Amino acid sequence: MKKLFMKPILLSLVCSFSLYAGTYDDSYSPLMDQNASAMMKTDFFMNGDFKQIKRFDMLWFDGDSLSSEYKNHLKEIINNIKETSSKGEKVLITVIGHTNEPTDDMNEVSVQSRAYASKIERWFRYSLNSKDSMEKSKKYALKIQDALVDGGIDKNVTVVEYRAGKDMFFTDATTQGRDLSNRVMVTMYVLNSQEKDSDGDGVLDSKDKCPNTPKGVAVDDQGCPIIVAPVVSNVALIDSDGDGVADSLDKCPDTPKGVAVDINGCPLIQNLHLNFETNSAKISQESYSKVISFADFLKKNLTYKVKITGHTDSVGTHEANMKLSQNRAISVKNALIHEGVEASRITLDWRAELDPIADNANTAGREANRRIEATLSY
């Protein structure tokens with residue numbers, strides 16, 4: 001953080017506490033946005049297990065606005081958070097607003113006697129009631145949250161709290177000291193990335209090409225079911241679509257190549273991956289052949305619906321990536337409709353860079369993350 005300005009003032013201040021450095025070291029009840037999740041309303045940040053906790057230096061407010069000397073520091077905070085997220089890390093950001101201590105004790109502020117020292121009189125002139133203090137600290141926090149979102153940080157990973165004047169930062173003996181307690185503290189929590197095997201098939205989610213495999217079904221090294229066609233007199237029955245289920249038992253003929261199926265030859269709920277070039281929503285010729293095959297399957301199996309979800313890598317701002325992932329989803333929907341699939345069977349979703357399946361720090365990972373997921377459902 002830049003050195004505080006007005007050096008002469010510093011000489012007159014006595015820093016009473018530096019609570020910001022350990023905001024969650026001691027238990028307290030945070031006052032936060034009512035829209036915060038139930039998890040955030042617990043002691044999640046104080047007792048959670050994190051890979052890293054980074055507490056940024058304070059952002060000081062001059063009146064109702066962020067001091068100009070701290071705007072560059074805010075940009076550094078935004079860049080630091082985005083850089084961490086671009087490495088595939090999952091983060092949560094707390095934005096905590098503070099003010100100077102309220103002076104609305106009616107037994108004190110009513111005293112006007114000249115018998116009091118001028119220093120005490122100046123103290124009482126500098127008044128801030130509890131309600132205004134709470135609103136001011138909330139306003140500070142929301143302004144910084146808006147700045148983070150404008151800088152490309154997903155609002156869903158930010159948690160706003162406001163502490164009014166409960167945590168004084170500098171001495172309350174001077175007007176200057178009280179002013180310096182008007183601040184916002186930003187902290188980044190990097191979550192531990194624990195590998196999971198959600199469907200219990202022995203293949204970790206990051207490598208599982210067929211999530212939600214039923215319990216007890218044998219799978220290959222990609223987590224997809226291993227299905228062997230029945231044999232009669234040691235001769236395999238005909239399996240026209242090559243899905244491992246004989247035609248006589250196949251209730252979903254013409255399943256596209258590579259689509260995992262259940263014992264009836266019908267697709268498990270899974271994803272179809274289509275890759276895109278950077279900053280492009282155009283379907284490549286290679287990927288379009290997959291779209292055609294997928295459309296043929298949908299036209300022959302009318303009981304299925306599909307949700308098209310667009311994804312991007314982490315290059316660019318969140319807003320730009322959100323728009324790009326939306327355009328990619330729309331492109332695939334239009335292609336399926338062009339190939340004869342009813343529009344009413346297709347729903348859309350877009351997630352930008354929020355759900356990476358690979359490391360955005362390298363070219364191969366970013367290419368894998370630029371994708372469309374087509375999820376089948378009954």
Quiz item: Which number in (1) surrounded by 15 or more Cβ atoms within 10 Å (Cβ to Cβ); (2) in contact with a helix residue (DSSP H, G or I) (Cβ under 9 Å, 6 or more places away or on another chain); (3) among the aliphatic types (A, V, I, L, M); (4) at pLDDT 80 or above marks the one condition that VAL259 misses?
Solution: (4)
Exercise. Please state which of the following conditions ARG328 fails to meet, knowing it meets all the rest: (1) among the charged types (D, E, K, R); (2) surrounded by fewer than 20 Cβ atoms within 10 Å (Cβ to Cβ); (3) part of a helix (DSSP H, G or I); (4) within 23 Å of the chain's Cα centre (by Cα).
Key: (2)
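Got a number for residues in the range 313-357 being within 26 Å of PRO267 (Cβ to Cβ) and hydroxyl-bearing (Ser, Thr, Tyr)?
Looking only at that region, the number is 4.
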Quiz item: Listed residues GLY310, GLY265; which is within 21 Å of ALA343 (Cα to Cα) and either in contact with a Cys (Cβ under 6 Å, 6 or more places away or on another chain) or among the small types (Gly, Ala, Ser) (or both)?
Solution: GLY310
Exercise. Find all pairs meeting these conditions: Cβ atoms under 6 angstrom apart; at least six residues apart or on different chains; first residue within the range 54-75 and farther than 18 Å from ARG178 by Cα; second residue acidic (Asp, Glu) and in a helix (DSSP H, G or I).
Key: none
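Here is a list: GLU319, GLU342, GLU367. Which entry is more than 25 Å from the chain's Cα centre (by Cα) and of a type in the set (D, E, K, R)?
It is GLU342.
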Quiz item: So which of ALA374, ALA364, ALA358 ends up being modelled with pLDDT under 90 and buried (at least 20 other Cβ atoms within 10 Å of the Cβ)?
Solution: ALA374
Quiz item: Conditions: (1) in contact with a strand residue (DSSP E or B) (Cβ under 9 Å, 6 or more places away or on another chain); (2) buried (at least 18 other Cβ atoms within 10 Å of the Cβ); (3) free of Cβ contacts under 8 Å to residues at least 60 places away in the same chain; (4) among the charged types (D, E, K, R). ASP313 meets all but one. Number of the miss?
Solution: (1)
Exercise. Kindly provide the set of residues from the range 278-295 that are under 23 Å from ASN321 (Cα atoms) and of a type in the set (Phe, Trp, Tyr), ordered by number.
Key: TYR288
Quiz item: Conditions: (1) within 30 Å of VAL91 (Cβ to Cβ); (2) in contact with a Lys or Arg (Cβ under 8 Å, 6 or more places away or on another chain); (3) of a type in the set (D, E, K, R). ARG345 meets all but one. Number of the miss?
Solution: (1)
Quiz item: Does any residue in the range 186-204 that is at pLDDT 80 or above come within less than 6 Å, Cβ to Cβ, of a residue that is in a loop (DSSP other than H, G, I, E, B) six or more places away or on a different chain, and which pairs are these?
Solution: VAL186/PHE56; VAL190/GLU89; LEU191/LYS90
Quiz item: If you take just the helices (runs of 4 or more DSSP H) that sit entirely in the range 1-108, which of them hold at least 1 residues that are in the same structural domain as ARG163 (by TED's automatic domain parsing), in contact with a helix residue (DSSP H, G or I) (Cβ under 9 Å, 6 or more places away or on another chain) and at pLDDT below 90?
Solution: 7-12, 71-86
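The values are calculated or read from the model by the stated rules, or taken from the named source; none is laboratory data. Everything numeric here is computed off the predicted structure, so don't read it as measured data. Positions of Cβ are generated from backbone atoms using ideal geometry, with glycine treated the same way; all protein chains shown enter the neighbour counts.
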